[in-house]
Amino acid sequence: MTHYLFIRLRAYVLTLVAACFCCSLATAQSIIPQPQQMTRGEGQFALTETTIVYHAPELKELAAYLRDIVEPSTGLTLQLKATTAEQFLRLKDKKHNGIGLFLSNDLKAEGYTLNVTPQQALIKGADAAGAFYGVQSLLQLLPAEIMDSHLHKRMTEQGAWTLPAVDVKDAPQRPWRGLMLDVARYFHDLRYLRHYIDCMAHYKLNRLQLHLIDDSGWRLEIKKYPRLTQEGAWAGTEGERLGGYYTQEEMRELIKYAALRGVEIVPEVEFPAHVMSAVVAYPWLSCTGEQQVLQTRHSISPELLCVGKQTTLDFLRDVLDEVCDLFPCRYVNIGGDEAKYKRWEACPNCQALMQREGLKKASELQGWLTNKVARMLKEKGRTAVGWQEIVERGKVDEPVVATVWSGAMGDSTKIKDMGHKVLLSPNAYLYLDFPERVVEGEVPAATWRGPISLEKLYGMPCEDYSADGACIGIQACMWSDLFIHGKGLPELRPLNENRSEAYIDYLTYPRLLAVSEVAWCKKADRSWERFTGALGKHFARLDALDVHYRVPEPVVKEEDGRVTLSSPVEGAEIRYTLDGTMPHEHSTLYTAPFTLKEGQKVRAITVASPGHFSLPQNSEK
Ligand code: ACM
Ligand code: ZN
């Protein structure tokens with residue numbers, strides 16, 4: 001038996017034991033994000049060989065999605081049948097075991113109900129997204145291994161796949177529940193993007209902003225400007241080219257993949273700064289027109305797109321035309337952060353434009369450009385969203401969405417007063433490129449401000465959504481500049497491998513689960529105690545999803561020399577040393593509290609699965 005299968009079996013048996021003795025009450029309470037309302041019913045529903053998924057004709061793809069998750073893990077065969085909710089409910093009398101997926105007019109956008117009895121599991125969604133979230137809650141009520149596509153039918157003989165009878169009524173508090181992934185600094189392949197989307201969707205996040213353009217790479221094919229990807233997507237020399245890009249065809253497929261999972265991909269077309277990759281391809285885009293070289297190390301270029309040339313505006317219109325043809329989303333992100341205006345101050349074309357427009361400072365040209373581009377997008381029925389600088393550099397009349405990422409969160413009020421909407425991505429809470437803790441052995445991560453613990457993120461202040469308020473939601477950001485093009489990522493003990501994707505997973509999880517709950521729930525409904533209680537069960541789920549999460553350190557409690565160890569990861573082992581050496585997965589297994597002898601010091605790790613363990617937690621003394 002492989003280690004891999006061993007850990008799966010262990011987790012599975014644990015889940016089944018828990019299901020038998022605790023009657024799934026804990027399972028029902030462990031849905032993340034916490035549903036708005038949930039009550040426990042009598043008995044449980046079991047997936048069996050004869051379970052049928054009945055669905056509204058419009059939800060055929062969702063039914064197939066559910067089947068494609070359930071079949072590989074359980075080894076069951078699920079039949080799909082199109083029908084109506086009324087007919088499905090009539091089947092109840094015949095004691096037919098079925099899952100029903102339907103739509104309902106009287107629910108809030110993206111909301112759903114889930115009613116599980118021993119005979120039926122009925123999901124009604126306000127829309128396709130709502131029905132999808134109902135399915136995610138149903139999956140979270142089943143054993144975690146339901147998400148494990150490697151499991152196959154090996155486990156089916158050992159126990160039933162059951163979920164507790166429940167009544168859930170749920171809807172998100174915020175319309176924008178996002179994640180930004182920086183694919184410009186490091187080119188993540190499509191396989192990884194699908195994995196990222198799958199996990200986001202499982203936790204009911206609905207927007208993935210792809211940071212497609214930066215100094216280090218242009219990652220989206222633009223047919224009218226082929227050099228953007230022929231030249232701008234690649235750094236390094238012949239034979240050791242680093243980078244990559246998505247063709248429009250590939251992106252179209254990804255958009256479809258994400259849409260089925262309730263995730264809208266929001267493209268970020270960054271300008272006027274962070275555009276070295278465009279300038280390398282077409283030097284006439286910059287103020288100086290000089291040929292540049294793409295860097296292999298992280299740097300922020302002083303080059304800007306030259307706003308004073310008509311050719312630049314034509315370029316932006318052409319690029320946005322293709323972007324809008326490709327991406328069906330209502331919002332298009334136009335970047336806008338961190339411009340330094342030296343180039344515009346020295347450029348005769350930019351200076352002439354300032355004179356014509358009566359602008360006093362070069363920075364005001366950015367506001368002028370934002371207005372122009374926001375109008376271009378409006379003509380196409382889209383709304384511009386960008387970093388907060390888009391409304392802070394001169395007057396912008398066209399309503400936009402400003403992403404607050406730095407400064408005080410009070411910036412939101414100012415932005416609202418200017419007539420714009422706000423998306424919250426404060427770097428103090430939602431920049432996942434900061435480490436969770438600064439402890440011995442932690443992976444290198446951003447250091448320009450303090451760490452962001454799970455608890456800190458969970459406690460992020462943000463007002464509840466209201467239609468006439470400013471804030472439309474929150475978005476966590478996963479920047480990749482620390483391992484630009486995969487260079488500079490050494491062998492790291494907590495990663496146990498050298499893939500950049502493992503590093504991204506490590507920084508993203510488990511914090512993404514806190515993002516999910518902050519985004520979905522009303523502020524008053526957040527409970528750190530409930531969340532951490534539920535979280536313990538989700539590590540097995542993350543294992544099943546193949547997520548390389550950061551394993552939390554054990555909790556070491558010492559009272560009068562007596563040591564108690566516990567792990568936030570349900571079912572995990574704790575291993576420890578007492579002689580000051582670094583514990584590893586074969587160190588002494590913790591089984592019960594013990595007493596320290598003179599000179600001994602506890603160093604303990606959580607071992608979630610073979611090769612996947614935490615950093616050491618030391619006793620105080
Ligand atoms: C940013 O972090 N420069 C948006
Ligand atoms: Zn210029």
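Quick note: the coordinates plus some simple rules give every number you see, no bench work behind them. The shown structure was predicted, so the numbers you read here are calculated from the model rather than taken from an experiment. Note that we place each Cβ from the backbone using ideal geometry, even for glycine, and neighbour counts take in every protein chain shown.
Relative contact order for the chain: 12 percent, from Cα pairs under 8 Å spaced at least 6 residues apart, divided by residue count.
About its Cα centre, how strong a charge dipole does the chain have in debye, to the nearest 20, once Lys and Arg get +1 and Asp and Glu get -1 at the Cβ?
On the way: 71 positive and 78 negative charges, 161 e Å.
Rounded to the nearest 20 debye, it is 780 debye.
The Stokes-Einstein estimate for the stretch 515-578, based on a Kirkwood radius over Cα pairs and taken at 4 °C with 1.567 mPa s viscosity, is a diffusion coefficient of 93 µm²/s.
Taken about its Cα centre, the stretch 289-378 carries a charge dipole of about 340 debye when Lys and Arg each add +1 at the Cβ and Asp and Glu each add -1 at the Cβ.
In order along the stretch 44-54, the phi-based Karplus estimate (6.51 cos²θ - 1.76 cosθ + 1.60, θ = phi - 60°) of 3J(HN,Hα) comes to 8, 9, 10, 7, 9, 4, 9, 5, 10, 9, 8 Hz; Gly and Pro are listed as x.
Taking R0 as 60 Å, what FRET efficiency do you get between residue 230 and residue 105 from their Cβ-Cβ distance, rounded to the nearest 0.05? For R0 = 60 Å, the calculated efficiency reads 0.75. Annotation: amide H of residue 555 within the under-5 Å range of 566, 567, sequence separation 5 or more or interchain, hydrogens built in the peptide plane. Counting only alpha carbon atoms, the long axis of helix 60-74 and the longest principal axis of the chain meet at about 50°.
In terms of the mean number of neighbouring beta-carbon atoms within 10 Å, the peptides 39-50, 222-233 order highest first as 222-233, 39-50.
Figure the gain on full extension for residue 532 and residue 191 (residue separation times 0.36 nm, minus the Cα-Cα span) and round it to one decimal in nm.
Here the segment from residue 532 to residue 191 would lengthen by 119.7 nm.
Close amide H contacts of residue 79 (hydrogens built in the peptide plane, cut-off under 5 Å, sequence separation of 5 or more or a different chain): 53.
For residue 456 and residue 64, calculate 0.36 nm times their separation in residues minus their Cα-Cα distance, and state this gained length in nm to one decimal.
137.3 nm
Between residue 413 and residue 522, the simple spin-label model (points 7 angstrom out along Cα→Cβ) gives 2.4 nm. The convex hull around the C-alpha trace of the stretch 287-421, projected and averaged over every direction, spans 9.3 square nanometres.
Among the listed pairs 309/342; 169/537; 92/169; 108/256, those with a Cα-Cα distance over 18 Å are 169/537; 92/169; 108/256.
Spacing of the modelled spin labels on residue 84 and residue 346, each 7 Å from Cα toward Cβ, amounts to 7.3 nm. Rounded to the nearest 10 degrees, the angle from helix 528-544 to the longest Cα principal axis of the chain is 90 degrees. For the stretch 263-279, putting each phi into the Karplus relation 6.51 cos²θ - 1.76 cosθ + 1.60 with θ = phi - 60° gives couplings of 10, 9, 8, 9, x, 10, 9, 7, 6, x, 9, 6, 10, 3, 4, 6, 5 Hz, in residue order, rounded to whole numbers and with x for Gly and Pro.
Taking the charge dipole of the chain about its Cα centre, with +1 at Lys and Arg Cβ atoms and -1 at Asp and Glu Cβ atoms, the residue from 181, 415, 285 reaching farthest to the positive side is 415. With a simple spin-label model that places each label point 7 Å from the Cα along the Cα-to-Cβ direction, the separation between residue 253 and residue 557 comes to 5.2 nm. Over every Cα atom in the chain, the radius of gyration and the widest Cα-Cα span, Dmax, amount to 25.9, 81 Å. Sequence-distant contacts, meaning Cα pairs under 8 Å at least 6 residues apart, place the relative contact order of the stretch 396-450 at 30 percent.
Of the trypsin sites (Lys or Arg not before Pro) found in the stretch 544-619, the ones in coil according to DSSP and having at most 11 other Cβ atoms within 10 Å of their Cβ are 597.
Toward the positive end of the charge dipole of the stretch 56-213, with +1 on the Cβ of Lys and Arg and -1 on the Cβ of Asp and Glu, the farthest Cα among 78, 89, 209 is that of 89.
Each residue of the stretch 559-570 was assigned a 3J(HN,Hα) from its phi angle through the Karplus curve 6.51 cos²θ - 1.76 cosθ + 1.60 (θ = phi - 60°); the sequence is 9, 6, x, 9, 10, 10, 10, 9, 10, x, 9, 4 Hz, with glycine and proline shown as x. Computed from the C-beta positions of residue 337 and residue 149 and an R0 of 30 Å, the FRET efficiency is 0.20 to the nearest 0.05. With a cut-off of 15 Å between beta carbons, the residues surrounding residue 351 carry a summed charge of +3, where Lys and Arg count +1 and Asp and Glu -1.
Provide the gained length on full extension for the span residue 566 to residue 92, in nm with one decimal, where the gain is 0.36 nm per separating residue minus the Cα-Cα distance. Write down the numbers at each step before the final one.
Working: separation 474, 0.36 × 474 = 170.64 nm, distance 4.47 nm.
Computed gain between residue 566 and residue 92 is 166.2 nm.
When each of the peptides 341-354, 442-455, 424-437, 322-335 is scored by the mean number of other C-beta atoms lying within 10 Å of its residues, the order from highest to lowest reads 424-437, 322-335, 341-354, 442-455.
Taking the C-alpha atoms only, the angle from helix 310-326 to the longest principal axis of the chain is near 30 degrees. Ordering of 520-531, 161-172, 294-305, 176-187 by packing is 176-187, 161-172, 294-305, 520-531, highest average first (other Cβ atoms within 10 Å, averaged per residue). Is the shape of the stretch 39-105 best called rounded, prolate or oblate, per the rule: a/c under 1.5 gives rounded, else a/b larger than b/c gives prolate, else oblate, with a ≥ b ≥ c the square roots of the Cα gyration tensor eigenvalues? Verdict is oblate for the stretch 39-105.
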